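Peer 1: Mind looking over this structure? Questions follow.
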Amino acid sequence: QPHIAPDIAVHRRRDQLDFADDRRLRKNLASGEWTRVTAGSYVLSAEWLKLRPIERHRLLVAEVARRLEPGAVLSHFAAAAEHGIDILGRWPKRVDVMIERATGGRSGGAVRRHALGLEGVERGTFGQHEITTPAQTALDLARTAPFLVAATAVDQAVWAGREGGPLTTIDEMLQLLSSTPRRWGDMRARRVVAWADTGAANPRETQAAHVLRQLGFPASRSQERRVLRSGRLVLGDRYFPEFDHWLVIDGRGKYLSPEFGEDRDPEQIVMG
């Protein structure tokens, strides 16, 4: 099921009652106390900074969707954020919507329209709108996004370690590719799906796997588990079976996150 928007208070301009509120809003924006999500929607900057990039985009999608005519089909990055399909790199500043080819209509403001046609497009309900399924979403990004962005989206969609299980499977995506009308980018999508890794837990692990391959490193496996002599279970991000070596991929979040102890510095976390 699609995720709900982050639970933070949103100040909407159309809800304000008088000019004093409008003047206060401009002052808060100028001082940096408030952050603009999209036209007419604002949140406290302190709350905004706590959100992960995917959560910020999810909030943008929720706010833009409130103003769309009923029946819009959220797709591509918008659908990815709602399904919890993380990506490598920056999220777009506009919300992706898929429309019929004959409909026309230009992208503008906070909306980016994809006139690809809706025949054979898998989608479900999203409030008063619709949203492409995880399999459809991953394929749409595999067709159109830069390779590493596409690869991370596909890996996140099929990630076996996700709480509640993977959002889709490689077989489901291949079946969808084969059973629907041909689209531009289908061959590209097949190449991306062919490299899919159900063990990649995050976009950085997907990126590392492809970079290692490009640099000529031997074949490796993701999320290798091993029980040490002490009985402790350890997990390596990538394992090279030919040489019995592990590779650990850590981002700044691991060493700066409060969950590892606010009183510990990064060196203590590494050594611990």
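The values are calculated or read from the model by the stated rules, or taken from the named source; none is laboratory data. These figures come from a predicted structure and were not determined experimentally. Cβ placement follows ideal geometry from the backbone for every residue including glycine, while neighbour counts extend to all protein chains displayed. These accessible areas exclude ligands, DNA and RNA; they are computed on the full protein's heavy atoms, side chains included. Shrake-Rupley method; radii C 1.70, N 1.55, O 1.52, S 1.80 Å.
Peer 1: Expressed in nm to one decimal, what extension gain is obtained for the pair ARG190 and ARG229 from 0.36 nm per residue of sequence separation less their Cα-Cα distance?
Peer 2: 9.8 nm
Peer 1: Between THR125 and LEU44, what is the label-point separation in nm under the 7 Å Cα-to-beta-carbon projection?
Peer 2: In this crude spin-label approximation the distance works out to 3.4 nm.
Peer 1: Over region 42-138, with the other protein chains present, what is the accessible area per residue in square angstrom, probe 1.4 angstrom?
Peer 2: Counting only protein heavy atoms, the per-residue value for region 42-138 is 46 Å².
Peer 1: In nanometres, what is the gap between the two model label sites at ARG52 and GLN175, each 7 Å from Cα along Cα-to-Cβ?
Peer 2: Distance between the two pseudo-spin positions: 2.8 nm.
Peer 1: For LEU118 and THR198, compute 0.36 nm times the residue count separating them, minus their Cα-Cα distance, and round to one decimal in nm.
Peer 2: This chain segment gains 26.0 nm when fully extended.
Peer 1: Applying 1/(1 + (r/R0)^6) with R0 = 51 Å to the Cβ-Cβ distance of ARG26 and ALA219, what FRET efficiency is obtained, to the nearest 0.05?
Peer 2: About 0.35, to the nearest 0.05.
Peer 1: For region 119-201, what Kirkwood radius comes out of the mean inverse Cα-Cα distance, in Å?
Peer 2: 12.8 Å
Peer 1: Give, as a single signed number, the net charge of other residues whose beta carbon lies under 11 Å from the beta carbon of THR132, with Lys and Arg counted +1 and Asp and Glu -1.
Peer 2: -4
Peer 1: In terms of the Cα gyration tensor, with a ≥ b ≥ c the square roots of its eigenvalues, is region 40-93 rounded because a/c is under 1.5, prolate because a/b exceeds b/c, or oblate?
Peer 2: It comes out oblate by the Cα gyration axes.
Peer 1: At a 1.4 Å probe, what is the % contribution of carbon and sulfur to the accessible area of region 53-199?
Peer 2: Taking all protein chains in place, region 53-199 shows 52 percent carbon and sulfur surface.
Peer 1: Over region 118-158, what relative contact order in percent results from Cα pairs under 8 Å that are six or more residues apart?
Peer 2: Dividing the mean separation by the residue count of region 118-158 yields 27 percent.
Peer 1: All other residues with a Cβ under 10 Å from the Cβ of ALA80 taken together, and with Lys, Arg as +1 and Asp, Glu as -1, what is their net charge?
Peer 2: Local net charge: -3.
Peer 1: May I ask for the net charge around ALA153, where only other residues with Cβ less than 12 Å from the Cβ of ALA153 are counted and Lys, Arg are +1 while Asp, Glu are -1?
Peer 2: -2
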